[in-house]
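The values are calculated or read from the model by the stated rules, or taken from the named source; none is laboratory data. Since the structure is predicted, the reported quantities are computational estimates derived from the model, not experimental observations. Here the Cβ positions follow ideal geometry from the backbone for every residue, glycine too, while neighbour counts run over all protein chains shown. Side chains included, ligands, DNA and RNA excluded: accessible areas come from the protein's heavy atoms. Shrake-Rupley method; radii C 1.70, N 1.55, O 1.52, S 1.80 Å.
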Amino acid sequence: MHRPVTVDLLPWQLDLRSLGLFRILLAVGVLLDVMGRAPLLRDWYTDAGVLPRAVADQATAAYLAGGAHLGFFALSGSLAWGALGMSLTALLALSLLLGFRSRLSALLLAFMVWSYHLRAPLLTNGGDLVLQFSLIWAALLPIGARFSLDRGWSAVFGHRGNTGEASTPGTTRWSGIAGLALTLQVGITYVYNGLQKTDPAWENGTAIGKIFNQGMYSRQPFSEVIGWLPEPVLRVMTSGVVGFEIMAFALLLVPVQGVRLLTVAALMLLHLSFALTMTIGLFPLYCIAWLAALLPPLAWSRARQGSGWTVFYDGGCSFCRRVALGLMGLSGMEHAALREAQSDELANARVKHTWTVRPPGGRDATRFSGVLAVLRAGPWAPVAWVMTLVQGLGNRLYDVIADNRHRLWKAVRRLHGEQLMPGRISGGVAAALLALVLSVTGAEYLGLLTAPVKHDLQKVGLYQQWRMFTGPSFAAGHFMVRVTLADGRQVDLWRRDVAGQGDQVVLSRQAVLPQTYGGRWWTWQDEYLRRFVITFADDPSQRRLLGPLVQRACNTWNAQHSLRALKVEAVFVRYPLEGGVKPETFWQERCP
């Protein structure tokens, strides 16, 4: 007798623990993004770089949309202002990571990320669009209700009394319009991308083989494993990817936890395979982040949430209690007990020097070891493992804080977490934004959006176009900036390769990939020129926008070498199907 399928998770229901994990992964992604962009500040975010604000704002190209006068980074073209902007972004990301004022942090972070995307739009890709919308939806969701300082400092979590008994954690499910909006947003992304894969390579089953055998985004050596697979297997994989992307939308809406869990897990594995085989920046991480938000309660069925744990703190120290609650909130210890150390003989003996963390059936942990023990009980276990490497330093830091706890309490006593659940206004905003997203995505798919409307939507960060590898042929090659010196030699400025007099710098795919795509710097420069190639095809008048890039390339070389550069070229080296390479100079100019 078959067991009937139970409807146990509606499309607008999300798990609070999943939303907490979503917040953490988003914050990690932004921090990594800022670390990657920081070395590029002068070149890409100042008026002394390759795209000054005045030049960018005069552009009419689709990828620029004349929006360089908007956002934080448009207020000044100095290096100091750019550094300040990136520093503020990193601080907001750290606040989001720890879950302090979570929704406010997400909203402000969305503004800062939108600002640096708008300042250098030719460096963005599909992953940046995922990040932008993830932060917007995060600002409307209870992302701080679990694994956060907001949770630890909330009235419900902190109402434990001197007896130390844990409060009833309540349900972990949350229902709201923003929950439905995020579910639909994720589903639309995949179905739209799947329906857009109409290139002949996708229809005849050769797309994946082309991407990994020729693609400028292939990551060695993992991509070679895919490329070695038999052609019938590659054809099945190609058809499977398209079919699964289209089906994912419906599967995510099935009101059964098991179906959603399997769908989310399969999509995560798909993006993990992208990360291993392709150099596409942080796109896989951002996608895994918003998929994590959809994990059903079933995924957390084995989470103990601090059952059997007891945390002892100095009963006469308000700062100690606040720190203990914050750490317990971060680790999701909903069932743990919090007690004054004076109520326990062993803990009371240590109270002047440390707090005590007592796991179920385990040994007491004190000082910095207690901090690590609490962090290991939640999603911060990988962080705790890294922190064990500096345990000695951690103990010294703990002692400094403990010795100054009364002074620190005066500084932080007014810090409180935000309301855990969003209000009605957030629901109204989510409904309006969902209607806009559905309208824009539908109109774009049907080809109803005019160019001016697209440009306006791009300026405000609300334009959605999900076409990840819908046509793989563009990736079959690499770019280079090649200068001709006064003695006739040529140099590829990006890779510092030099050819003799009369020869040309033209590198094969095998020579380029190991040295070019090991760092994100080169990926961004190739992406920059690739976007210009697309722009030139539509509007050749925009070629003047390469002027600052050329001038900087020439000036940089001439400032460092006695032999002057006379001419600079932007070259695309194509990898034909029949083998070999085919260099194409799509723009050249004499050095100033």
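Taken over the stretch 120-140, the criterion of being farther than 13 Å from LEU104 by Cβ and either in a loop (DSSP other than H, G, I, E, B) or open to solvent by less than 10 Å² (accessible area, probe 1.4 Å) (or both) is satisfied by ALA120, LEU122, LEU123, THR124, ASN125, GLY127, ASP128, VAL130, LEU131, PHE133, SER134, TRP137. Scanning for something among the hydrophobic types (A, V, I, L, M, F, W, C), modelled with pLDDT of 90 or more and farther than 22 Å from PHE283 by Cβ, does the stretch 29-50 turn up at least one residue? No; the residues of the stretch 29-50 include none that is among the hydrophobic types (A, V, I, L, M, F, W, C), modelled with pLDDT of 90 or more and farther than 22 Å from PHE283 by Cβ.
Within the bounds of the stretch 297-307, is there any residue that is among the hydrophobic types (A, V, I, L, M, F, W, C) and surrounded by 22 or more Cβ atoms within 10 Å (Cβ to Cβ)? No: the stretch 297-307 contains no residue that is among the hydrophobic types (A, V, I, L, M, F, W, C) and surrounded by 22 or more Cβ atoms within 10 Å (Cβ to Cβ). Any residue in the stretch 274-288 that is in contact with a Cys (Cβ under 6 Å, 6 or more places away or on another chain), hydroxyl-bearing (Ser, Thr, Tyr), over 24 Å from SER102 (Cβ atoms) and buried (at least 19 other Cβ atoms within 10 Å of the Cβ)? No: the stretch 274-288 contains no residue that is in contact with a Cys (Cβ under 6 Å, 6 or more places away or on another chain), hydroxyl-bearing (Ser, Thr, Tyr), over 24 Å from SER102 (Cβ atoms) and buried (at least 19 other Cβ atoms within 10 Å of the Cβ).
If you go through the stretch 143-166 and pick out every residue that is at pLDDT 60 or above, of a type in the set (A, V, I, L, M, F, W, C), in a loop (DSSP other than H, G, I, E, B) and surrounded by fewer than 24 Cβ atoms within 10 Å (Cβ to Cβ), you end up with 1. Note on the stretch 251-266: residues that are free of Cβ contacts under 8 Å to residues at least 24 places away in the same chain and hydrophobic (A, V, I, L, M, F, W, C) total 6.
Kindly list, by first and then second residue, each pair from a residue in the stretch 287-300 that is closer than 13 Å to THR172 by Cα and of a type outside the set (Ser, Thr, Tyr) to a residue that is surrounded by 21 or more Cβ atoms within 10 Å (Cβ to Cβ) and modelled with pLDDT under 90, limited to pairs with Cβ atoms under 8 Å and residues at least 6 apart or on different chains. Pairs found: PRO296/LEU9; PRO297/LEU9.
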